[in-house]
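Taking it in order: structure first as structure tokens, then the write-up.
The values are calculated or read from the model by the stated rules, or taken from the named source; none is laboratory data. Bear in mind that the values here come from a model prediction, so they are computed numbers and not experimental data. Heads up, the Cβs are rebuilt from the backbone with ideal geometry, glycines too, and the neighbour counts pull from every protein chain shown.
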Amino acid sequence: MELFAILLFGIAATTTALFVIFSKNTVHSALWMVANCFTVAVLFLLLNSQFIAILQIIVYAGAIMMFILYAIMMLNLKKAGDEDQVKNNLAPGRLLILGLFFIGLIILGIGFSPQALKGGMGADALAGFGEINLVANYIFSKGLIPFELVSVLLTAAVVGAVYLAKKD
Amino acid sequence: MYQNVYLTFSALLFAIGAFGVLTRKNAIVVFLCIEIMLGAANLAFIVFTAANQSAEGIFMVMCVMAVAGAEAAVGLAIFVLLYRKTGSINIDKFNLLKW
Amino acid sequence: MFDLVWLIPVFPILGVFVNGLLGRRIEKTNRSIVHWIACTAVGLSFLVTAGIFLKMLSLPPEQRLYDFTWFTWISAGSFHVSIGYLVDPLSMFMCMFVTGVGFLIHIYSIGYMGHEEGGYYRYFTYLNLFMFSMINLILADNFLLMFLGWEGVGLCSYLLIAFWFTDMANAVAGKKAFITNRVGDFFFAVGMLFLLVNLGKHGIWSLNFTEVFTHASILSPKLITIICLLFFMGCTAKSAQIPLYIWLPDAMAGPTPVSALIHAATMVTAGVYFVARCNILYTMSPIAMGVVAVVGALTAFFAATIALTQNDIKKVLAYSTVSQLGYMFLGLGVGAFTAGLFHVLTHSFFKALLFLCAGSVIHAMGGEQDMRNMGGLRKKIPITFWTMLIATLAIIGFPGFSGFFSKDEILWQAFSSPHGNIFLWLIGYLAAALTAFYMFRLIFMTFFNECRASEEVKKHIHESPKSMTIPLMILAILSIVGGWIGIPKSLGGHNLIERYFEPVMGIGPGKLISGAASHETIAHVAETAGEHASFGIQYMLMAATTLIVFAGILTAWMMYMKKREIPENLAQKHSTPYRLLLNKWFIDEIYEAFVIKPLHSFAMFLWKGIDVLVIDGIVNGTARFFMGCGRMVKTIQTGYVQQYAVSFLFGVMVLIGYYIYAL
């Protein structure tokens, strides 16, 4: 049952990602990206990390994607022309590199998997993981300084964005 | 138990994202592809940290999301600026940064 | 009192700093401050020198040596060079007249350079710098510090010859002096290093005069000869001897007080001073002594012949300087160091006076230097005339004047000393006759007969200001009495100067040189020679010299007063020798053809052939090679983001490959 769910949502995530790439209309790409965010969020849920799943939906699907849609709206983009078709940009060398890349990633990921992980990741093993109190304890004790630095980063990004985009 | 499955999907998403970055010319779509790659990386993070029962991986994912947000803000501002100056966001048109 | 010796060079260098750094501003506000700073600096130096000198005279001879070490300059292993000043009769003697004459000429410059605009502070800065260098040269207690002064005076000479550098001829003359001196300095430096290395082989790493002279006897005579000849090459450049005298006549392009101070009275005698300082080395090498004597005698005669036909008043004096320097070297070369130095002293008085008078004449004539356009100035500028006449009588060796004693002493030594012989005497004797002739030719052409200047110039002829005439008068007195310190025994004198120099002649400062002891000390040689030869011969020689001097004067009077068509007739009848003399034996042209041209073309070859083609070729070729490589590689930088991304991805793949391999 669990494997079935993983495969289903994994394939869904892959498919939506492919649609993002192959859509001619930028708005469609963005919408497929929202779908992709939701499927990835479900995968997070299956890994028992509800907090991140919700963040994924709120931050990614909610905020960032809305942001991008606004940008697309402001840019008034036409449909992609011939030069922007995936099939016109396929080079055998690139595909080969990508394939090798993919294989390499899998080998590396599996090879580096922690020993505990290989033993099994059933509901028992994952019990208590990803709960909000665990994350909160971490953020406000050990991870306080990085967390604050992240907020500084966000502030800087916002100021930079405003400065860049404002009319002279 | 199914970590290899998760990791395979993660690698697949990452490869698809990279593929999009390399093939699409529309800056916004390239940007979306980068977001796909970030999502794939997030997935791998969660898989690896789930076994450790610790919050580091989760915190890392939060950081990645924050970076993605910052990146979106600055990147989109740059696109708007580029569009305003040149009337296009085809990345092949912006090749001035060379010898 | 001897401890104050360091003050002597300090005053002029302070003057250099003040005038050199602030002079431009001072000159704008009040130009008299500039020359008062310079004159005060040299005047104070003179006072200190005089104080030390008097103190020295009051001490017994064996206490007259003092080596003042100020601080260590260079220290390398067991080799040390210090800034140290040597107080002994020789250095104080030189220092006395250098600072004294220098002071008078500083005063004179106030009047002479009074009309100079803009460069006034520059002039006095250079003059003070020259005094500093010259004092260092004289007082140095080691070869290296002396060389520093030696180079310093060369530099100042260059700067002052080319003082009016906007005129190309002056700049060229300055360059000529500098380069000619450089040739000599090269030999000097080689000699110094040679000396250092060869003494070092025996474990004596020192350039200190005392130490070098104490240990000189361990060197073989051949080495001593080589070292002495190398040093003498340096002296021929500095003191304008054959073959490197060519720069001195051209050096007259500078302001006249500079000609008087540097190119007549002080700097050019540095070579004489050096040989006298190294008398221990030179007496150990009869060959070097012979070379010095022959070169000196030949220069004395040769320069005198050129002076016969020159028409530029300063050129005549320049060649007479070369000639007189030849006399000094003749004296040194025959072992009469005292006589040579005596002539340095008297020469500095009367030659400085001659130049200053010439300057006064030029000043009066509004810049005219050609004697053919002068004449009849006797009545118009009487002080200049009388002082110049005194100087002329002194230089030709008129009995009673200073030149008589010093020149006679040299000629007598050339005749009688064991190093001398009758030929050297004869050359010197003939040169004395020529000197009398050309000097009186100058006097007659300048001060007698009718005035040949244009009406415009005539109106402006005036006597010089007091700041110029007072130094003239002081020097005139010195030109007369300066020789009285060396009246020989045969004339009832005591030859004070001989006795004065005894501590430094043949005896190293402080101790007797064991090696030199086998030779007899020079003072001793001179004395025994004086005793052996009867006074009769000495009287005869004196009479002969006086006679030929009178003959010279008479000839000049005949040719330039009585029958003034003679020179022209002679020039037409014997046009070849006349032209030869007028063009200075074509020495400049010979040098140009045989030395400068080949060197120049060799330098051109090195420049165009070696430097431009080979060296620049290698350097530029290397650059071009890498530029080509860069041009090929730069195509990788396309500017397309996605191509960058591909290479980025490729790099990541390499990393992944590495980690998979490491698993």
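What number goes with the only condition from (1) at pLDDT 90 or above; (2) of a type in the set (S, T, Y); (3) within 28 Å of C:S320 (Cα to Cα) that C:T266 does not pass?
(1) is the only condition that C:T266 fails.
Listed here are the residues, each with its yes/no results for (1) buried (at least 23 other Cβ atoms within 10 Å of the Cβ); (2) away from chain C (no Cβ under 14 Å); (3) more than 18 Å from A:P146 (Cβ to Cβ).
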site	(1), (2), (3)
B:L32	yes, yes, yes
B:N42	yes, yes, no
B:T49	yes, yes, no
B:A55	yes, yes, no
B:F59	no, yes, no
B:A68	no, yes, no
B:L82	no, no, yes
B:G87	no, yes, yes
B:K93	no, no, yes
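Based on what the data block shows, is C:I395 modelled with pLDDT under 90, within 23 Å of the chain's Cα centre (by Cα) and either surrounded by 24 or more Cβ atoms within 10 Å (Cβ to Cβ) or not polar (S, T, N, Q) (or both)?
no
If you go through the stretch A:123-144 one residue at a time, do you hit one that is closer than 13 Å to B:A70 by Cα, at the interface with chain B (Cβ under 8 Å from one of its Cβ atoms) and at pLDDT 80 or above? If you could, list the steps in order and put the result at the bottom.
Step one: list which residues in the stretch A:123-144 are closer than 13 Å to B:A70 by Cα, which gives none.
No: the stretch A:123-144 contains no residue that is closer than 13 Å to B:A70 by Cα, at the interface with chain B (Cβ under 8 Å from one of its Cβ atoms) and at pLDDT 80 or above.
Among the helices (runs of 4 or more DSSP H) contained in the stretch C:215-288, which hold 2 or more residues that are within 14 Å of the chain's Cα centre (by Cα) and assigned by TED's automatic domain parsing to the domain that holds C:F163?
Because the criterion is at least 2 residues that are within 14 Å of the chain's Cα centre (by Cα) and assigned by TED's automatic domain parsing to the domain that holds C:F163, the helices (runs of 4 or more DSSP H) in the stretch C:215-288 that meet it are C:221-238, C:247-250, C:256-260, C:270-277.
Yes or no: C:G420 crowded, with 24+ Cβ neighbours inside 10 Å, assigned by TED's automatic domain parsing to the domain that holds C:G483, assigned to a helix (DSSP H, G or I) and in contact (Cβ under 8 Å) with a residue 12 or more places away in the chain?
In short, no.
Test C:F187 against the stated conditions and say whether it is farther than 25 Å from C:A260 by Cα, modelled with pLDDT of 90 or more and under 17 Å from the mean Cα position of the chain (by Cα).
Numbers: farther than 25 Å from C:A260 by Cα: yes; modelled with pLDDT of 90 or more: yes; under 17 Å from the mean Cα position of the chain (by Cα): yes.
Taking the combined requirement at face value, the residue satisfies it.
If C:R182 meets every condition in (1) surrounded by 17 or more Cβ atoms within 10 Å (Cβ to Cβ); (2) within 23 Å of the chain's Cα centre (by Cα) apart from one, which number is that one?
(1)
Given the structure, is B:A73 in contact with a Phe, Trp or Tyr (Cβ under 9 Å, 6 or more places away or on another chain) and under 29 Å from A:I106 (Cβ atoms)?
Numbers: in contact with a Phe, Trp or Tyr (Cβ under 9 Å, 6 or more places away or on another chain): yes; under 29 Å from A:I106 (Cβ atoms): no.
The answer is no for B:A73.
Against the condition within 14 Å of chain C (Cβ to nearest Cβ) and closer than 12 Å to A:F67 by Cβ, how does B:G75 come out, does it pass?
yes
Which condition does C:T338 not pass, out of (1) assigned to a helix (DSSP H, G or I); (2) out of contact with any Asp or Glu (no Cβ under 7 Å at 6 or more places or on another chain), if it passes all the others?
If we test C:T338 against (1) assigned to a helix (DSSP H, G or I); (2) out of contact with any Asp or Glu (no Cβ under 7 Å at 6 or more places or on another chain), just (2) comes out false.
What pairs come up if the first residue lies in the stretch C:240-252 and is under 15 Å from C:V292 (Cβ atoms) and without any contact (Cβ under 8 Å) to a residue 24 or more places away in the chain, the second is part of a helix (DSSP H, G or I) and among the β-branched types (V, I, T), and their beta carbons are under 9 Å apart, counting only those six or more places apart or on different chains?
These pairs meet every condition: C:P243/C:T236; C:P243/C:V295; C:P243/C:I587.
Kindly evaluate C:M388 against the criterion of being surrounded by 24 or more Cβ atoms within 10 Å (Cβ to Cβ) and more than 25 Å from C:G296 (Cα to Cα). If you could, list the steps in order and put the result at the bottom.
Numbers: surrounded by 24 or more Cβ atoms within 10 Å (Cβ to Cβ): yes; more than 25 Å from C:G296 (Cα to Cα): yes.
Yes.
If I go through the stretch C:210-241 residue by residue, how many of them are under 23 Å from C:V183 (Cβ atoms) and among the polar types (S, T, N, Q)?
Result for the stretch C:210-241: 4.
Table: residues versus (1) in contact (Cβ under 8 Å) with a residue 60 or more places away in the chain; (2) part of a helix (DSSP H, G or I); (3) of a type outside the set (D, E, K, R); (4) within 14 Å of chain B (Cβ to nearest Cβ).
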| site | (1), (2), (3), (4) |
| --- | --- |
| C:F594 | no, yes, yes, no |
| C:A603 | no, yes, yes, no |
| C:W607 | no, yes, yes, no |
| C:V619 | no, yes, yes, no |
| C:A623 | no, yes, yes, no |
| C:C629 | no, yes, yes, yes |
| C:T635 | no, yes, yes, yes |
| C:G639 | no, no, yes, yes |
| C:Q643 | no, yes, yes, yes |
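Filter the stretch C:134-168 down to residues that are among the small types (G, A, S) and part of a helix (DSSP H, G or I), then give me how many there are.
4
From the list C:L298, C:L317, pick out the single residue that is crowded, with 24+ Cβ neighbours inside 10 Å, modelled with pLDDT of 90 or more and not acidic (D, E).
Every option except C:L317 fails the conditions.
Look through C:P471, C:P488 and report the one residue that is out of contact with any Gly (no Cβ under 7 Å at 6 or more places or on another chain) and closer than 22 Å to C:T256 by Cβ.
One residue alone meets the criteria, C:P471.
Among the residues that make up the stretch C:23-30, is at least one of them buried (at least 17 other Cβ atoms within 10 Å of the Cβ), among the charged types (D, E, K, R) and touching a Phe, Trp or Tyr at 6+ places or on another chain (Cβ under 8 Å)?
Yes: one or more hits.
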